[in-house]
Structure formats: structure tokens, C-alpha cells
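Have a look at the structure below before the remarks.
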Amino acid sequence: MTDTRTLHDLPPAEQRLIQRSVEELQREFQGTFDDETIEHFVVDSYERLAAKAKVTTFIGVLSERFARQRLQAMAKIESSEPGTPSVLFLCVHNAGRSQMAAGWLRALAGDQVNVYTGGSEPGAELNPEVVEVMAESGIDIHEEFPKPWTDEIVRAVDIVIAMVAATSAPSTGKRYVDWDLADPAGQDLSTVRAIRDEIRTRVEALVSSLGVATPVE
């Protein structure tokens, strides 16, 4: 792995902030990855999120969650088993459309599909109107957070779905779909609701194409 950064590359205060996360993931992925690889993923995840964060109160927890997702993706890449179907939703800021799509897919498919999100230029926080209209549908996404797409997640997933055709992402040789949806940023609630409902319709079709059973309402 090139440019492998470790805790020692960070200032002492930042080392302390994510030390527990490093130790937790080293225990969790023991036997799958060596300690140096896990430490690198936590440090890299922390630095990517900290570069955009307005508030750092929960940056340690979020870095651990982000690093866990990336390590799980790496494990899938290295496994010879097909595993659970996986989908990556991409948009520019990873603060609205992709988060709504992920919320719907998790609600409709549960653990039958692994769901990832990412942005080409991730924002600092989720769009509050998006969080509000998803809550109206009984889906709580307030603990989600904007993050960049990463190479290992793109390589691990079966389908990459871009919320806007201009979203920058590498060619994976896998199924790549453009949904080209309106951006909810700066829109009133009625407009955001309409975008939410269109996303649900598209996610329902996606679930059907994956052959995944949805829960009975």
C-alpha cells in the first residue's frame, strides 16, 4: 500500500481521538488484515472526513464507521465468495439524493443488500430538509454523514448508481447507472418530497431487479 499513514503522522491530540477506533477495528478484523493496514484505513478515513467537517465532536466515531465500511469492502474484494449484493449511490455532496436512496434501499431490502454512499465533493453535513422528509416516511438518516467515494468501495460493489450524470467516478467494468435526479439543495419541502418519492420509485425497481424480497407493510 502506497503512502501508508499511521497514527504517528498525526498530532498527539488527533492520535488520542482515533486511537480507540484503531484498536477496536484491529480486534474486529484480526486475521483478515494486518494491524498496519487497519491503522492506515482509520487514519486515512479520519483525515478525509476532518478536511470537510464543521464540527469535530463525533469525528472519531464517524471515522471508525467509515473505515469499517472500507475494510469490509476490501474483504469482499479479496474473497472468492460472491457475497451479498452491494450498491454504491454517488452524488456530488453526498448530502441529499444519495443519502435518500441509501435510506430507501436499507428500509426496503434490509441486510439483503450492502449499501454504500459517496460524493465527488462531499459536503460538511446532511441537507436538513432531506433528513426531515425522510423522517416523514419513517426513515431516520440523521446519523448518516457525507463522505467521499473511495477506490476499494467502488471496486467491491456490484452496481454504481450516480444521482447526477456529471458525478465523477472511475470506470469499474461493473453495472453503472445514471439516475440524473434534481438536486434538493435549496429547494422547498414540497419539492424535496417529490424528489424523495421519485427516488423511492427508482429504488423499488432496483430492489425488484436484484430479486430481493421487501418486507410486508
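What spacing in nm lies between the two simple spin-label points modelled at residue 213 and residue 15, each 7 Å away from Cα in the Cβ direction?
5.2 nm
Within the accessible area of the chain, what % is carbon and sulfur when the probe is 1.4 Å and the other protein chains stay in place?
Heavy-atom surface of the chain belonging to carbon and sulfur, 1.4 Å probe: 48 percent.
Only loop residues by DSSP count here, and only those with at most 15 other Cβ atoms within 10 Å; note down the trypsin sites (Lys or Arg not before Pro) in the range 39-89 that meet that.
When the trypsin sites (Lys or Arg not before Pro) of the range 39-89 are filtered for loop state and at most 15 Cβ neighbours within 10 Å, 54 remain.
Helix 189-210 against the longest principal axis of the chain: what's the angle in degrees, Cα atoms only, rounded to the nearest 10?
Helix 189-210 and the main axis of the chain meet at about 80 degrees.
Taking R0 as 25 Å, what FRET efficiency do you get between residue 174 and residue 204 from their Cβ-Cβ distance, rounded to the nearest 0.05?
Plugging the Cβ-Cβ distance into 1/(1 + (r/R0)^6) gives 0.70.
Structure shown: which of 76/147; 52/174; 54/76 lie over 23 Å apart, alpha-carbon to alpha-carbon?
Those over the limit are 52/174; 54/76.
If you add up the charges near residue 70, with Lys and Arg at +1 and Asp and Glu at -1, over every other residue whose beta carbon is less than 9 angstrom from its beta carbon, what do you get?
Combined, the nearby Lys, Arg, Asp and Glu give -1.
So, R0 is 25 Å and r is the distance between the beta-carbons of residue 8 and residue 155; what FRET efficiency does that work out to, to 0.05?
The value I calculate is 0.30.
Using the Cα centre as the reference, give the magnitude of the dipole from point charges on the C-beta atoms of the chain (Lys, Arg: +1; Asp, Glu: -1; all else neutral), rounded to the nearest 20 debye.
Using only the charged Cβ atoms, the result is roughly 220 debye.
Compare 83, 119, 60 in a GNM of the chain, Cα atoms joined below 10 Å, and give the one with the largest fluctuation.
Answer for the Gaussian network model of the chain: 83.
Taking the chain as a Gaussian network, Cα atoms linked when under 10 Å apart, which of 120, 21, 80 shows the biggest mean-square fluctuation?
Residue with maximal mean-square fluctuation among 120, 21, 80: 80.
Nearest 500 deg cm²/dmol is fine: what mean residue ellipticity at 222 nm does the chain get from its DSSP H runs of n ≥ 4 alone, each adding -39,500 (n - 2.57), divided by its residue count?
-15500 deg cm²/dmol
The values are calculated or read from the model by the stated rules, or taken from the named source; none is laboratory data. None of these values were measured; they are calculated from a predicted model. Don't worry about glycine lacking a Cβ; one is built from the backbone with ideal geometry, like all the others, and counts go over all protein chains shown. These accessible areas exclude ligands, DNA and RNA; they are computed on the full protein's heavy atoms, side chains included. Shrake-Rupley method; radii C 1.70, N 1.55, O 1.52, S 1.80 Å.
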